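Down below is the structure, laid out as structure tokens.
Every number here is computed from the coordinates shown, using simple stated rules; none is lab data. Values in this document were obtained by computation on a predicted structure and should not be read as measured data. Quick reminder, even Gly has a Cβ in these numbers, built from the backbone with ideal geometry, and neighbours come from all protein chains shown.
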Amino acid sequence: MSANTAMAAAGGKGNNGNGKGNSGSTTPGNGNGNNNSGAGTTPVITVPATASCASSNISVAGASCIGFVSGNLNGNKPSLDEINQNLSTWGVHLTAPVASTSMLSGLTGNTINFKQQLYGDTIVSIHYGNVTDVLGNKLTNVTAFYRFDAGHGAGVDSFTTKFDSLSNATLYSTGAAPTHAAAVPEPGTYAMMFAGLGLMGLVARRRMQK
């Protein structure tokens, strides 16, 4: 996934949304899908949850967290509007669905690895089966959004969560790999180089004089 794509007002790239809701004759699909067989229905926007996740939910230092939000908001199942409703807290507005290469499904354990290095401003979401929020409430089938600085050196290859009930995750935004300028030799290096060239010239002149 290329950096800085499909996100407005957040400076990173973004994506997600545009899956289909459950079909029904008169009611909107679960997960806020785009289309419905019922005529005249209006998609329902999920308000960000009041149950609180925590930055310590993941192993990356200094993370921010939104959630827990009821339901699975990964895998392009909900609409873009539902994702944006939650991410608006960070001033983020996604303008296109996430690429399938930026989604992980069928996860077990507690490790998240998007198979690419993460750099700079990064936004992800994780769906959990069972969690306990900061108030001690036990929740099931919830999603949390995390934003963190993955750094501009080595970046972040993978990270873990404190919960071992994760099922899928989505990478909405991350930065580009840093570019490294060519190293400039130190003054001492130049001096050694010129001294070496002078010595080579002296040897060549002596050989010509013989």
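Summary table below
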| quantity | calculated |
| --- | --- |
| Whole-Hz couplings from phi, Karplus 6.51/-1.76/1.60, listed for segment 154-163; x for Gly and Pro | 6, x, 10, 7, 7, 8, 10, 10, 7, 9 |
| Sequence-distant residues sharing a close amide H with Asn130 (under 5 Å, placed H) | Asn141, Ser165 |
| Relative packing of 121-129, 53-61, which averages over residues the other C-beta atoms within 10 Å, highest first | 121-129, 53-61 |
| Gain upon complete extension [Asn130, Ala177; 0.36 nm per residue less C-alpha separation] | 13.5 nm |
| Hull-based mean projected area of segment 118-163, where the convex hull spans the alpha carbons, in square nanometres | 3.5 nm² |
